[in-house]
2 protein chains.
Amino acid sequence: MTIILYDLAAADDRIRFSPYCWRTKMALLHKGLEFETIPWRFTDKETITPSGSTRVPVIVDDDKWIADSWKIALYLDETYPQRPLMDGDAVRSLCKFVNSWCDMSLNKALRPLALLQVVAILQGKDADYFRESREARLGMSLEASCADQSAAHTSLIEVLAPTERHLSDQSFLGGGSPNYADYALLGSLKWLHSLTGDPPLASDSAMQMWFDRMLDLFDGYARRAPTAQS
Amino acid sequence: MTIILYDLAAADDRIRFSPYCWRTKMALLHKGLEFETIPWRFTDKETITPSGSTRVPVIVDDDKWIADSWKIALYLDETYPQRPLMDGDAVRSLCKFVNSWCDMSLNKALRPLALLQVVAILQGKDADYFRESREARLGMSLEASCADQSAAHTSLIEVLAPTERHLSDQSFLGGGSPNYADYALLGSLKWLHSLTGDPPLASDSAMQMWFDRMLDLFDGYARRAPTAQS
């Protein structure tokens, strides 16, 4: 049974840039489950109505609809216990913290580097929707929120200081092998990578070496995914 | 065999305020190991020379000297495998990330709320040492670095957003029971609590409820510890 994943796409179908959908793709690959992605755009709300959500990732597995990347990860580990994304209560809880840290601290630091790049790869009503919804949420124009790129880079380096130190002597957040914490972090950086062809990491950093290891996983799935500038 | 812990103290011996020593005390309690603390002050460098470190925590266990809270945690789990602080490679790695996040993101956000309070509970050469070493590191006076308390509170709330969300539906960072990630986080908040009698948490927050659970552990050890304002 092939799992269907609704995957956020740019005007160009091949560009899949959602940090949350990347978590789900890496999770499906980790578990060795067969899946097929359907390109989905911000305004395609009706196509995912059965999930109860208006946002992706959404998966359909054997007629069951599940939305939200964290809930999907829990569903996959419960339904397909082999190759756990999070093995045991303590790992699951600590991964949940890393997941929240990516959502609330890291993605916030990445936004000034990403938002205008997102608009640039959308068209028509999707571009309008993205701009209007994000400007309402931020209380300012996208241009204003992205005005100081140098400050954004500085604060990104600050936010990433703990992962940089961590990965200087560990292969993965999960230790000797990657787990869902790594996929959450990969999602955030793959967001920028999908938009610009480059993650915003120093070339000699431990983070960049980790990012390369992550791109190599699963026969280079994340490395092969086309990026907006490639 | 009783383990000796050199524990940072204020001019008043009873006030033990180091975030890093609090990690070690909670770790020793978690493992049910007998220990005795020796009050140590910033300028007592010679007393811990055999450890190779100039800072605490330092433990002495059966003539072995071990410095650095993270190395002590690893030593304790290796030497006394019962009641692990971090059970398995993935948990250890994820706890190490939380530990680094406390060091580099949370403690940095707490500094403007803490530094002048630290000076206030020290005397003589210890107060001078603390002020001089910190001002050199910060490149400004302690007063300047603590000038904007309102901004410091705002940025603390931002940094703690992921733990606040996490603890809204989990008892501990470690899941159903506390592990070393919780002790690292407790250390940071116990720093402020030791200095002011109050952690800087909203009374109705999930973090405050977690903090109360942490103070209750081990017969209320951390709750019973005198604070500077009590």
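The values are calculated or read from the model by the stated rules, or taken from the named source; none is laboratory data. Model, not experiment: these values are computed from the prediction. Ideal geometry is used to build each Cβ from the backbone, glycine not excepted, and the neighbour counts take in all protein chains shown. All accessible areas refer to the heavy atoms of the entire protein, side chains included, with ligands and DNA or RNA removed. Shrake-Rupley method; radii C 1.70, N 1.55, O 1.52, S 1.80 Å.
Some points to look at:
- Solvent exposure of the protein assembly as shown as accessible area per residue, Å², 1.4 Å probe: 42
- Once Rg and the Kirkwood radius are both taken over the C-alpha atoms of the protein assembly as shown, their ratio Rg/Rh works out to 1.00.
- For chain B, a Gaussian network of Cα nodes joined below 10 Å ranks B:Asp128, B:Asp63, B:Asp77 by mean-square fluctuation, and the top entry is B:Asp63.
- Here the sum of -39500 (n - 2.57) over DSSP H runs of 4 or more residues, divided by the residues of chain A, equals -17000 deg cm²/dmol at 222 nm, to the nearest 500.
- Of the solvent-accessible surface of the stretch B:1-124, computed with a 1.4 Å probe and all protein chains present, 50% belongs to carbon and sulfur.
- Karplus-derived HN-Hα couplings along the stretch B:57-66 (A = 6.51, B = -1.76, C = 1.60, θ = phi - 60°), whole Hz, x at Gly and Pro: x, 10, 10, 10, 10, 6, 6, 8, 9, 9
- Residue-count net charge about A:Cys21 - beta-carbon cut-off 11 Å; Lys, Arg +1, Asp, Glu -1: +4
- Taking B:Val98, B:Val119 and ordering them by how much accessible surface each has at a 1.4 Å probe, largest first, produces B:Val119, B:Val98.
- Computed from protein heavy atoms with a 1.4 Å probe, the total accessible area buried between B and A is close to 2600 Å².
- Magnitude of the charge dipole, the protein assembly as shown, Cβ model with Lys/Arg +1 and Asp/Glu -1, debye to 20: 280
- Cα-centred dipole magnitude for the stretch B:89-224, charges only on beta-carbon of K, R (+1) and D, E (-1), debye, nearest 20: 300
- In nanometers and ordered shortest first, the copy-to-copy spacing of the B:Ala202 label point, defined 7 Å from Cα toward Cβ, is 3.6.
- Think of the axis that spins chain A onto B; the A residue whose C-beta lies nearest it, and the distance in whole Å, is A:Leu94, 2.
- For B:172-178, mean number of other protein chain Cβ atoms within 10 Å: 4
- Its Cα gyration tensor gives the stretch A:89-224 an equivalent ellipsoid. The semi-axes, each the square root of 5 times an eigenvalue, are 27, 16, 15 Å from largest down.
- Accessible-area order (highest first, 1.4 angstrom probe) of the listed residues B:His30, B:His166: B:His30, B:His166
- Net charge contributed by nearby residues that have their C-beta within less than 12 Å of A:Pro112 (K/R +1, D/E -1): +1
- At R0 = 51 Å, FRET efficiency that the Cβ-Cβ distance of A:Gln208 and B:Leu116 yields, to 0.05: 0.85
- Per-residue 3J(HN,Hα) values for the stretch B:14-29, derived from phi via the Karplus relation 6.51 cos²θ - 1.76 cosθ + 1.60 with θ = phi - 60°, read 6, 8, 10, 10, 6, x, 6, 5, 5, 4, 5, 4, 5, 5, 5, 5 Hz in sequence order (x marks Gly and Pro).
- Choice from B:Asp126, B:Asp219, B:Asp198 with maximal GNM fluctuation in chain B (Cα, 10 Å cutoff): B:Asp219
- Using a probe of 1.4 Å, the accessible surface attributed to B:Arg131 totals some 70 Å² when neighbouring protein chains are kept in position.
- Size descriptor, Kirkwood hydrodynamic radius, that averages inverse alpha-carbon separations across the stretch A:3-79, Å: 12.3
- In this structure, the amide hydrogen of B:Ile15, modeled 1.01 Å from its nitrogen in the peptide plane, lies closer than 5 angstrom to those of B:Ala10, counting only residues at least 5 positions away or on a different chain.
- Residues whose placed amide H lies under 5 Å from that of A:Trp40, excluding near-sequence neighbours: A:Asp7, A:Leu8, A:Ala9
- 3J(HN,Hα) from dihedral phi, the stretch B:180-191, Karplus parametrisation 6.51/-1.76/1.60, rounded to Hz, x for glycine, proline: 4, 4, 5, 6, 5, 5, 4, x, 4, 6, 5, 4
- Among residues other than B:Glu164 with Cβ under 15 Å from its Cβ, the summed charge is -2 (Lys and Arg +1, Asp and Glu -1).
- Proportion of all alpha-carbon pairs of chain B beyond 31 Å (%): 18
- Computed magnitude of the charge dipole of chain B (debye, nearest 20; Cβ of K, R +1, Cβ of D, E -1): 200
- Nonlocal amide H pairs with A:Val58, under 5 Å, H built at 1.01 Å: A:Tyr6
- At 7 Å out from Cα toward Cβ: A:Thr49 inter-copy label distances (nm, ascending): 8.0
- Taking all protein chains together, B:Lys190, A:Lys71, B:Lys64, A:Lys45 sort by accessible area into A:Lys71, B:Lys64, A:Lys45, B:Lys190, largest first [probe 1.4 Å].
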